[in-house]
Amino acid sequence: MQQFVNVTLTGLTEGMVYAAFALALVLIWRSTRIVNFAQGSMAAATAFIALALIQSGWSYWAALVVALVSGFVLGAVIERVVVRRVEGGPELNAVIVTLGLFVAIQAGIAIVFGSSFQSFPTPFGLQGFQVGDNRIAFTPTSLYVIVAVLITMGLLVALFRFTRVGLAMRASAFGQEVARLLGVRVGRMLTLGWGLAAVVGSLAGLLIAGGEFIYPAYMDSLIVFGFVAAVLGGLDSPIGAVVGGLILGLALSYVSGYVPRGSALVNVSALVILMVVLLVRPGGLFASSTARRA
Amino acid sequence: MTVLAAATAASTLAACGGGGDDGGGGTSSGDSGSNEASDIGITETSIKLGAHFPLTGVAAPGYSEIPTGAQAYFDCLNEQGGVNGREIEYIYRDDAYNPTNTSQVVQQLVLEDEVFAIVGGLGTPTHSAVLDFLNSEGVPDLFVSSGSLLWGDDPETNPYTFGWQTDYTSEGKIIGDYIAENFPDAQVGLFLQDDDFGEDGEAGIREYIDDQIVAAERYTPGNTNVGPQIAALQAAGADFVVGFNVPSYTALSQLTALQLGYDPQWFYSNVGSDPTLVGNLLNNFSEGQVSDASLLDGALTTDYLPTVDEPDNPWVQEFQRIWDECGGEGELTNYRIYGMSQAYTTVQALQAAGQNPTRDGLVEAIETAGSEWEGPVLAPFRYSEDSHMGTAGMSISRVTGTTTEEVAPVQLTDIGDAEIEAYDGEPAEVPENGIPDEESVVD
């Protein structure tokens, strides 16, 4: 029983981490219709900036703010300077460009910050809460991750549903011509979308890093899991991303904990889950309309 | 071409006469002729050696320091005249612990850089990928940095490959025997890397305490979430956990155990146990909860080399001198001692291969004389025509703070049915300048 609780809680926390990253993918998809594979490297870059600040004596929270701001700047600059040149062309071009950025940024991090493993601090404890006689696999840091992801999700839902900016962003992503005719400044909206997505990605990167080890490629496996989570949720829905992340986190934790040699099967399981969901519901679990081409 | 080579060789020999006087090691058998470009990677004045190591990625912490230690040793050696008047040119490349990369960088080393031999290539999954290539090309593949049985138990299939460190099965046997004797009531859980490393270790340990083992959990390198595995060990009631894992997973397992409030007696096999490294990995975490290596305090581990926490050991003192004089940034670490010790054995092999070594001659030299060589390694090597296994012995020690203290002296064993017995040899003396002086056994 205790093992079941611990494996479940581990999966829950991991799932929230996948969800955080999936949220960033959803945001950029909603606002620009691009799947951004460079998201992980961009997040890693800001995490290394934060770590450098913390190591020079800054508080965690100040470093977090700087990392988020630098994430916004990085996202906006990349959109303006690099992605803008391929926008409007075949969709595949933009995706390939983000793949190139992914490699380039990762190499850049290694050049600037080195490629060694480093532990990343967390503002909260790493010891599990005490329940009765046992400690459970749920720490103050896990709680912080979950709360932060839920707040982010709420803000994104609110942004797209209740604000003019959110509406304008969605419009620019869907039909640039029409949006332009209606007076939306499409270029700005795209830049804003990239900037905001990078902020969310950066937050995910820092949440993942807290109490773990970072190195330039530490986001690599999360890109895969985050992407699977986002697709599970329909790639379009912040709530779907969180649910997708949780499903994936729990499923993978059970595989790892209960299947013999499960740790080796984790990546395969993610693929199987993705395939099954796409076969049953091609648009993802939370797809809002099936007619749209994805 | 030959005439030209002979002419330069004569002048080289004249120039290195002085080196022989003060170094003592360089030119002992050099009176029988002149240096020639006797094989690929050998010139009159240099020997080119290659290696692959994870300098980036999940296995890089610790392991990336090994080649810096070897480099420092070779640099100091070159200042003293090298081996038979030849400088060692040491090229190491990053494979990020990814077998695909290993194939690529080793092909580059062999085909483009044209190295004489590969020395100390690191990792079981990684080096497995180039085993066939090196043996079919006839490239000596010395002293693989891994304790897998693959490198030494079948010299007929892999005549050019040699192991170096204690193999994981022998290590498992020594650990199992120690537990059976000192912790007969312990419920043992195994935390294993899911490849040959974990399997070999498990096989050895099960020979002695199969009935004490209550759980065996495996992690896949690269998957950093070991929560389910540690939770399963806890649930199985293991109060003694033996880890055959790489250093970053020592840190991860400790961190996860802290999270779960799980506090068994830990025993990390030699590979994953460096307290300084694990301490450094954990040192950024919050509020002093995991401030230093204190998490590892009380953990048991094995040794087959002297370690940095033995400042009175003459080998450590000599390696410290070499690191201070020829090393790069940072401190002397156990990984750098490992690299230097491996370089030391390499020089022994090159000396034994004679003044004008060939690839086949090098293999013959190790098979003939290797079991006699003494050095920093605590127990002798098992090299012969029938076995390319490295050293066979280990001591057991306990981590206290950032140092270790010995709890069981060096014991010897071998793979298969070999018994475990105490080793009665004396520690070897350090030669002048830390350079060995082996006789040629081939010419």
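The values are calculated or read from the model by the stated rules, or taken from the named source; none is laboratory data. These figures come from a predicted structure and were not determined experimentally. Heads up, the Cβs are rebuilt from the backbone with ideal geometry, glycines too, and the neighbour counts pull from every protein chain shown.
Before moving on, here are some points about what is shown:
- Hits in segment B:50-63 - residues which are under 16 Å from the mean Cα position of the chain (by Cα) and in contact (Cβ under 8 Å) with a residue 60 or more places away in the chain: B:Gly50, B:Ala51, B:His52, B:Phe53, B:Pro54, B:Ala59, B:Pro61, B:Gly62, B:Tyr63
- In summary, A:Gln127 fulfils each of the numbered conditions (1) facing another protein chain (nearest Cβ under 7 Å); (2) touching a Pro at 6+ places or on another chain (Cβ under 9 Å); (3) surrounded by 18 or more Cβ atoms within 10 Å (Cβ to Cβ) with the single exception of condition (3).
- Qualifying position, being modelled with pLDDT under 90, surrounded by 24 or more Cβ atoms within 10 Å (Cβ to Cβ) and over 13 Å from B:Leu350 (Cβ atoms), among B:Pro61, B:Pro67: B:Pro61
- Test result for B:Pro99, in the same structural domain as B:Gly328 (by TED's automatic domain parsing), at pLDDT 80 or above and at negative phi: yes
- Just so you know, in segment B:141-150 the residues that are outside any helix (DSSP H, G or I) and touching a residue at least 60 places away in the same chain (Cβ under 8 Å) include one that is farthest from B:Thr413 (Cα to Cα), and it is B:Leu142.
- Failed criterion for A:Glu87 (all others in (1) surrounded by 14 or more Cβ atoms within 10 Å (Cβ to Cβ); (2) assigned to a helix (DSSP H, G or I); (3) more than 14 Å from chain B (Cβ to nearest Cβ) hold): (2)
- Helices (runs of 4 or more DSSP H) within segment A:137-229 that include 2 or more residues of a type in the set (Ser, Thr, Tyr): A:140-162, A:186-209
- Residues of segment B:340-367 satisfying the condition of being over 19 Å from the mean Cα position of the chain (by Cα) and under 15 Å from B:Gly434 (Cα atoms): B:Gln351
- Each residue in segment A:43-83 was checked for being part of a helix (DSSP H, G or I), under 20 Å from A:Gly114 (Cα atoms) and small (Gly, Ala, Ser), and 10 pass.
- Boolean, B:Gln107 is without any contact (Cβ under 8 Å) to a residue 60 or more places away in the chain, surrounded by fewer than 24 Cβ atoms within 10 Å (Cβ to Cβ) and not hydroxyl-bearing (Ser, Thr, Tyr): yes
- Within segment B:391-443, tally of residues that are closer than 25 Å to B:Leu277 by Cβ, in a loop (DSSP other than H, G, I, E, B) and either assigned by TED's automatic domain parsing to the domain that holds B:Val316 or touching a Pro at 6+ places or on another chain (Cβ under 6 Å) (or both): 1
- Residue in segment A:232-242 that is surrounded by fewer than 20 Cβ atoms within 10 Å (Cβ to Cβ), β-branched (Val, Ile, Thr), in contact (Cβ under 8 Å) with a residue 12 or more places away in the chain and not in a loop (DSSP other than H, G, I, E, B) present: yes
- Residue that is farthest from A:Thr139 (Cα to Cα) [pool: residues in segment B:245-269 that are surrounded by 22 or more Cβ atoms within 10 Å (Cβ to Cβ) and away from chain A (no Cβ under 14 Å)]: B:Ser269
- Screening segment B:77-93 for residues that are surrounded by fewer than 21 Cβ atoms within 10 Å (Cβ to Cβ) and touching a residue at least 24 places away in the same chain (Cβ under 8 Å) and picking the one that is farthest from the other protein chains (Cβ to nearest Cβ) gives B:Gln80.
- Of the helices (runs of 4 or more DSSP H) lying entirely inside segment B:274-354, the ones with 2 or more residues being modelled with pLDDT under 90 are found at B:275-282.
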